[in-house]
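Here's the structure, in structure tokens; my notes come after.
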Amino acid sequence: MVDKDNSRLETLEEYIIQSQNKFPGATGELSQLLRDIGLAAKIISREVNKAGITNILGFDGSKNIHGEAVKKLDLFADQQLISALNRSMITCMVISEENDGIVKLSSKGGKYIVFLDPLDGSSNIDVNVSIGSIFSVYMREPRFDSTLRESDALQPGVRQVAAGYVLYGSSTILAYTTGLGVSVFTLDPSIGEFILSEKKIKMPEHGGIYSINEGSYNSWDPGLKKYIKYCQDEDAETGRPYSARYIGSMVADIHRTLIKGGIFIYPHSKKYPSGKLRLMYECNPLSFIIEQAGGMATDGKKRIMELEPNAIHQQTPIYIGSKKNVQKVMEFLEKHEAVEQE
Ligand code: AHG
Ligand code: MN
Ligand code: MN
């Protein structure tokens, strides 16, 4: 952001340190962790931008733990983020979409646990459409002994101490929250720095965009089918019909929702009975961001961030976005569930 008095640009590093200085007791460790992620994001962004030249596009031939084809950039992003977090010795373990179990880092006593979706929207890599990275940070409870266990990481989203995403789009954006609003930075490639673009960003209470993969229409619940029909009906007062937008990279769809308002939905379906998206490294961090900007996120019944996790790679349906849009879809879901039960 341009400082009006001296026209100075504020970098991510400066902003993190200044935010930390407001808390006299702060150890600086969380600030370091955020700076580590900022550094990895710059390296990944550089690689994303020259992916066609360096032959980093395309499958690496293996499948990840979910049986999905792994692209080379997924692995590159995973390695960069994990090694950046390992270097500063404050994170004890990482849970990443690209790794089956927990990844123990060098600092076994490190106080943070980090969840990662290193490369989100990987099906869009080959076609030059926006992709992202997502992170979610928890404290390791001091009552745990020195043995690192998967169960140490299973905490509800309300316990996140920080979360954010990087969007590799027409420009590279980094957005994060520590629970005091959402700050957004834009990478200036000429100086290699993330520059503050907006702080304490607030999203519209209501938006005229709905975002869902309509190819799965036939396996949706009746309430959801009726809600999407409602979005398409004409009504001048609520600005309907809404526009449909679906990028297929959750980070990009959520970033648009943050800026323009509206709703993003990934429901359960026949193909994905528990939803497709991952609670711990997709839904919780992006819900933390959206809530901090004044929005809402539920699984159709409960607040996403209050769900008690029972597995690190667990999936959940998600309804996320502007408050009024999410409240409206919940009304539809509730009403039609009640009708079905009669
Ligand atoms: P990832 O690339 O990390 O596996 O995530 C892909 C996710 C998410 O980004 C996106 O919203 C969703 O998959 C798209 O799924 P569909 O192709 O089923 O719509
Ligand atoms: Mn993803
Ligand atoms: Mn991914």
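The condition of being on the phi < 0 side of the Ramachandran plot, within 16 Å of ligand 3 (Cβ to nearest atom), in the same structural domain as residue 241 (by TED's automatic domain parsing) and part of a helix (DSSP H, G or I) holds for only one of 281, 272, that being 281.
Within segment 146-160, take every residue that is part of a loop (DSSP other than H, G, I, E, B) and closer than 24 Å to residue 26 by Cα and give me the one that is nearest to ligand 1 (Cβ to nearest atom). Please lay out each step first, then the result.
First, pick out the residues of segment 146-160 that are part of a loop (DSSP other than H, G, I, E, B): 146-149, 154-156, 160.
Applying the additional criterion that residues be closer than 24 Å to residue 26 by Cα yields 146, 155-156, 160.
Values: 146: 32, 155: 21, 156: 22, 160: 19 Å.
Among those that are part of a loop (DSSP other than H, G, I, E, B) and closer than 24 Å to residue 26 by Cα, it is 160.
Only one entry in 128, 124 is at positive phi and within 16 Å of ligand 1 (Cβ to nearest atom), namely 128. Anything in segment 209-227 that is outside any loop (DSSP other than H, G, I, E, B) and under 17 Å from the mean Cα position of the chain (by Cα)? List them, or say none. Hit for segment 209-227 is 211, nothing else.
Only residues that are surrounded by fewer than 22 Cβ atoms within 10 Å (Cβ to Cβ) and within 16 Å of ligand 2 (Cβ to nearest atom) were counted across segment 46-71, and they come to 8. Residue 51 meets all of the listed conditions (1) out of contact with any Asp or Glu (no Cβ under 8 Å at 6 or more places or on another chain); (2) away from ligand 1 (no atom under 14 Å from the Cβ); (3) at pLDDT 95 or above but one, namely (3).
Looking only at residues of segment 267-299 that are surrounded by fewer than 24 Cβ atoms within 10 Å (Cβ to Cβ) and of a type in the set (Ser, Thr, Tyr), we find that the one that is farthest from ligand 2 (Cβ to nearest atom) is 298. Taken over segment 176-206, the criterion of being touching a Lys or Arg at 6+ places or on another chain (Cβ under 9 Å) and farther than 30 Å from residue 49 by Cβ is satisfied by 180, 204, 205, 206.
If I ask for residues that are within 16 Å of ligand 3 (Cβ to nearest atom) and part of a strand (DSSP E or B), which ones from segment 107-132 would you list? Matches in segment 107-132: 114, 115, 116, 117, 118, 119, 120, 131, 132. The set of residues in segment 107-121 being within 16 Å of ligand 2 (Cβ to nearest atom) and among the aliphatic types (A, V, I, L, M) consists of 114, 116, 119. Every condition in (1) in contact with a Pro (Cβ under 7 Å, 6 or more places away or on another chain); (2) free of Cβ contacts under 8 Å to residues at least 60 places away in the same chain is met by residue 261 except one, and the failing one is (2).
Among residues of segment 113-140 that are closer than 15 Å to residue 102 by Cβ, those with a beta-carbon under 8 Å from a residue that is of a type in the set (Lys, Arg) and part of a helix (DSSP H, G or I) at least six positions away or on a different chain give the pairs 138/159. Output yes when any residue across segment 287-306 is of a type in the set (Asp, Glu), touching a residue at least 60 places away in the same chain (Cβ under 8 Å) and within 22 Å of residue 138 (Cα to Cα), and no when none is. Within segment 287-306 (the criterion being of a type in the set (Asp, Glu), touching a residue at least 60 places away in the same chain (Cβ under 8 Å) and within 22 Å of residue 138 (Cα to Cα)), the answer is yes, since at least one residue qualifies.
The set of residues in segment 246-301 being among the aromatic types (Phe, Trp, Tyr) and more than 10 Å from ligand 1 (Cβ to nearest atom) consists of 288 alone.
How many of the residues in segment 169-208 are in a strand (DSSP E or B) and under 16 Å from the mean Cα position of the chain (by Cα)? Break it down stepwise before answering.
Our first condition is that a residue be in a strand (DSSP E or B); within segment 169-208, this holds for 172-177, 182-188, 193-198.
Narrowing the set further to residues that are under 16 Å from the mean Cα position of the chain (by Cα) leaves 172-177, 182-185.
Summing the residues that are in a strand (DSSP E or B) and under 16 Å from the mean Cα position of the chain (by Cα) in segment 169-208 gives 10.
Can you tell me which residues in segment 79-106 are small (Gly, Ala, Ser) and within 16 Å of ligand 3 (Cβ to nearest atom)? Spell out the reasoning first.
Filtering segment 79-106 for residues small (Gly, Ala, Ser) gives 83-84, 88, 96, 101, 106.
Correct list: 96 only.
Does segment 215-223 contain at least one residue that is in contact with a Ser or Thr (Cβ under 8 Å, 6 or more places away or on another chain) and within 16 Å of ligand 2 (Cβ to nearest atom)?
Let us first name the residues in segment 215-223 that are in contact with a Ser or Thr (Cβ under 8 Å, 6 or more places away or on another chain), namely 216, 219-220.
Imposing the further condition that a residue be within 16 Å of ligand 2 (Cβ to nearest atom) reduces the set to none.
The answer is no, given that none of the residues of segment 215-223 is in contact with a Ser or Thr (Cβ under 8 Å, 6 or more places away or on another chain) and within 16 Å of ligand 2 (Cβ to nearest atom).
The values are calculated or read from the model by the stated rules, or taken from the named source; none is laboratory data. Everything quoted here is computed from the prediction, not taken from an experiment. No Cβ is skipped: glycine too gets one built from the backbone with ideal geometry, and neighbour counts run over all protein chains shown.
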